[in-house]
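A.B. asks: Mind looking over this structure? Questions follow.
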Amino acid sequence: MLKVEGLRAGYNGSDAIRGVSLEIPTGQVVAVLGPNGAGKSTLVNAISGLTRIHQGEILFEGRAITRLSPPEIVELGIIQVPEGRQLFGPLTVAENLSLGFQRLRGRKGASALFRQRLEYVYELFPRLHERAGQRTVTLSGGEQSMVAMGRALMADPRLLLLDEPSIGLAPLVVELLFEVLKKLRESGLTMLVVEQHAEESLRLADYGYVMATGAITAQGTGEALSQSDALQHSYLGEVQAPRARVPA
């Protein structure tokens, strides 16, 4: 579904990622793992059109989207759950969720589709149904993460990009979020999950990439990466040979 080829991107004229290439097959979950500063968020923002791309190509179902604007990318069904949630605090849970439906409002049968998407989100996150009329700023961090994920799902994504969805959350909430991600995977939703929780992410993912200092340093199936020392080396800064492929 998505192919990234030789991507260089960053901020203020400098490269935060260099020569990054990866693929996300339709219906699969791909994890990108690595420590803070590895370039994971820059990669997600580049796919979403939020970061300046200096070199390389991004293809979505064979179509180049490298120069598209963020609204054009959203219109294709590429939807991001941003790091830090970025919700509208004064608005209620229901109002925040409603904003996620904006790209579909002009579609035929939009009213019925809105109800369908909202019921789906509330089924995944019953707590959001309970808090529907509550201002988002008053929610716990875990509940706000649910709202951010629910808002993205309201857009009926074809490719869901999740940037550190579990950052700063208690272990029990992290477990809950990964249970929801498992359900989304079982539904056939294609996902790119950028995370520091390596163990949970690799159990979820069909394939994974390890990043360090702006480059991919290892890749392989989720099972193969979980049994290798590539992740430990990456987090400890001990990787010597870049772009190693872990045997399946």
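The values are calculated or read from the model by the stated rules, or taken from the named source; none is laboratory data. Since the model is a prediction, treat every value here as computed from it, not as a measurement. Every residue, glycine among them, receives a Cβ derived from its backbone with ideal geometry; neighbour counts consider all protein chains shown. For accessibility, only protein heavy atoms count, side chains too; no ligands or nucleic acids. Shrake-Rupley method; radii C 1.70, N 1.55, O 1.52, S 1.80 Å.
A.B. asks: At R0 = 30 Å, how high is the FRET efficiency between GLU199 and GLN86 if r is their beta carbon distance? Nearest 0.05 is fine.
C.D. replies: With R0 = 30 Å, the Cβ-Cβ based efficiency is 0.65.
A.B. asks: Sticking with this one: Give the cross-link partners of LYS108 among the aspartates and glutamates, using a straight C-alpha distance below 16 Å as the criterion and excluding same-chain residues fewer than 8 apart.
C.D. replies: GLU75, ASP156
A.B. asks: How are the C-alpha pair distances of segment 25-118 spread across 10 Å bins, as whole percents from the shortest bin up?
C.D. replies: Per 10 Å bin, starting at 0, the Cα pair percentages come out as 12, 36, 37, 14, 1.
A.B. asks: So what is the calculated 222 nm ellipticity per residue for the chain, using -39500 (n - 2.57) for each DSSP H run with n of 4 or more, over all residues, to the nearest 500 deg cm²/dmol?
C.D. replies: When only DSSP H runs of four or more count, the value is -10000 deg cm²/dmol.
A.B. asks: OK, next. May I ask you to compute the full-extension gain from ARG63 to SER228, defined as 0.36 nm times their residue separation minus their alpha-carbon distance, rounded to one decimal in nm?
C.D. replies: Between ARG63 and SER228, full extension yields 55.9 nm more.
A.B. asks: Can you list which of the chymotrypsin sites (Phe, Trp or Tyr not before Pro) found in segment 65-169 are DSSP loop residues with at most 16 other C-beta atoms within 10 Å?
C.D. replies: Of the chymotrypsin sites (Phe, Trp or Tyr not before Pro), the ones in loops of segment 65-169 whose Cβ has at most 16 other Cβ atoms within 10 Å are PHE88.
A.B. asks: Rounded to the nearest 10 Å², what accessible area does SER166 have for a 1.4 Å probe in the complete protein model?
C.D. replies: Its heavy atoms expose roughly 0 Å² to the probe.
A.B. asks: Sticking with this structure for a sec: Specify the residue with the greatest mean-square fluctuation among VAL137, VAL174, VAL93, computed from a Gaussian network of the chain linking alpha-carbon atoms under 10 Å apart.
C.D. replies: Looking only at VAL137, VAL174, VAL93, the biggest GNM fluctuation is shown by VAL137.
A.B. asks: A further question follows. Amide H of GLY56: which non-local residues (sequence gap of 5 or more, or other chain) have their own amide H closer than 5 Å, using H built in the peptide plane?
C.D. replies: Distant-sequence amide H within range of GLY56: ARG8.
A.B. asks: Still on this structure, I have one more. Which of the lysines could a cross-linker bridge to LYS182, judged by Cα under 22 Å and excluding same-chain residues fewer than eight apart?
C.D. replies: Of all the lysines, those that pass the test against LYS182 - Cα under 22 Å, at least 8 places apart if same chain - are LYS40.
A.B. asks: So, one more: Once both labels are modelled 7 Å past Cα along the beta-carbon direction, what's the GLU72-ARG115 spacing in nm?
C.D. replies: The two pseudo-label positions are separated by 3.7 nm.
A.B. asks: Oh, and also: Please list, ordered by chain and number, the residues whose modelled amide H lies under 5 Å from the amide H of GLN80; skip anything fewer than 5 residues away on the same chain.
C.D. replies: LEU161
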